[in-house]
1. Nothing charged except the Cβ atoms of Lys and Arg (+1) and of Asp and Glu (-1): what's the magnitude of the dipole of the chain about its Cα centre? Round to the nearest 20 debye.
2. Using Stokes-Einstein with the Kirkwood hydrodynamic radius over Cα pairs, what translational diffusion coefficient do you get for segment 102-282 at 4 °C and a viscosity of 1.567 mPa s, in µm²/s rounded to a whole number?
3. Roughly what angle does helix 293-309 make with the longest principal axis of the chain, taking Cα atoms, 0 to 90 degrees, to the nearest 10?
4. Excluding ligands, DNA and RNA, what is the solvent-accessible area per residue of segment 280-324 at a probe of 1.4 Å, expressed in Å²?
5. When the chain is fully extended, how far beyond the present Cα-Cα distance does residue 105 get from residue 41, taking 0.36 nm per residue of separation?
6. Just need the relative contact order of the chain here, percent rounded to a whole number, with Cα pairs under 8 Å and 6+ apart.
7. Quote to one decimal, in nm, the extra length available between residue 244 and residue 57 on full extension: 0.36 nm per residue of separation minus the C-alpha distance between them.
8. Using label points projected 7 Å from each Cα along Cα→Cβ, tell me how many nm separate residue 129 and residue 78, to one decimal.
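The values are calculated or read from the model by the stated rules, or taken from the named source; none is laboratory data. Worth saying up front: this structure is predicted, and the values here are computed from it rather than measured. In this analysis, Cβ positions are derived from the backbone assuming ideal geometry, glycine residues included, and neighbour counts consider all displayed protein chains. Heavy atoms of the whole protein, side chains included, go into the accessibility calculation; ligands, DNA and RNA do not. Shrake-Rupley method; radii C 1.70, N 1.55, O 1.52, S 1.80 Å.
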Amino acid sequence: MTIGSSIPVLLIATPMSPTQVRRLREAYPGVDIRTSDWPPAEEALAEVDAAVLWTVKPEWLVAAPRLRWVHSGGAGVEGLPLAELAASGVTLTNNSGVHVPNMPEHVLALMLAFARRLPALIRCQTRHEWRDEATHREVFDLEGQRVLLIGMGEIGRGVGQRAAALGMKVDGLRRRDDLTAPDYIERSWQSAALRDALAAADHVVNSLPLTAETRGIFGAEEFAAMKPGAFFYNVGRGGTVDQDAMIAALASGHLGGAGLDVTEPEPLPADSPLWDMEQVIITSHTSGASPHYWERASVLIGDNIGLWLAGEPLRNTVDLLAGY
Ligand code: OXD
């Protein structure tokens, strides 16, 4: 990566705390680290070589002729203009990995809520109604059940590790053969075997990014392939799921329940049938929230500033063609 002859300028336009920014400045005195509110004014981009941003408007690439590196404030990058970034020679990195432990903990919370029938109990509590007999009949143990991870990045692996600690059997579906599976993975399925993998699982956890390849990957046939009564969780992107097909699978009772942090569109329209389904938990795209998010992100960004200055490959570089 070439940095112009003057001192490189890095603009941070995401909510990093003054302490986190100060630590970066102290660690890298050779970089002019500036901050701005979101969204940054176009004038603030004129001199920047690198920027930490939630997204990039295509016109910013014109306003920032020196821009060579963008670090995205999130992990999913489907909303960024990837082709334009590639054409402008901008390297994109993301916050992948920063969502652990919170996102795996969120998925476990959903699973435990279904197993202990918390949604039904909370509904009864709001009505001051004791619910013992039905709950005794309906609860189940997670121990011994099988979870399938669709998406074996940091989030999927974090779920797997925690599920294994609860005594669950963990399977993973992998898109790439070159990654070694962690030792808690009992069965590692190839993508082509998706439906067989689905048929074996009691819980299916989708943490896939949204790309041309993953859009609508869960359709009617995939839901039909799942075990009757199995649970589906989505903490990736709503667009990876054919939502009507999922609603039909829930309405018929084939799917036992769904824990949905993400939907398509967002916010979920008030008239979506999903809101009123008793076997659905909707968490409004909050699984990524953590009070330590920017602390973890600022460490990653600091490492990358060092690599950037040294002209070395950056951590979490996004493949702009593949989209993740
Ligand atoms: C992300 C998210 O992409 O939280 O970071 O959805």
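1. For this selection, approximately 560 debye.
2. 78
3. 40
4. 49
5. 19.4 nm
6. Once divided by the residue count of the chain, the mean separation gives 16 percent.
7. 64.2 nm
8. Roughly 3.7 nm, to one decimal.
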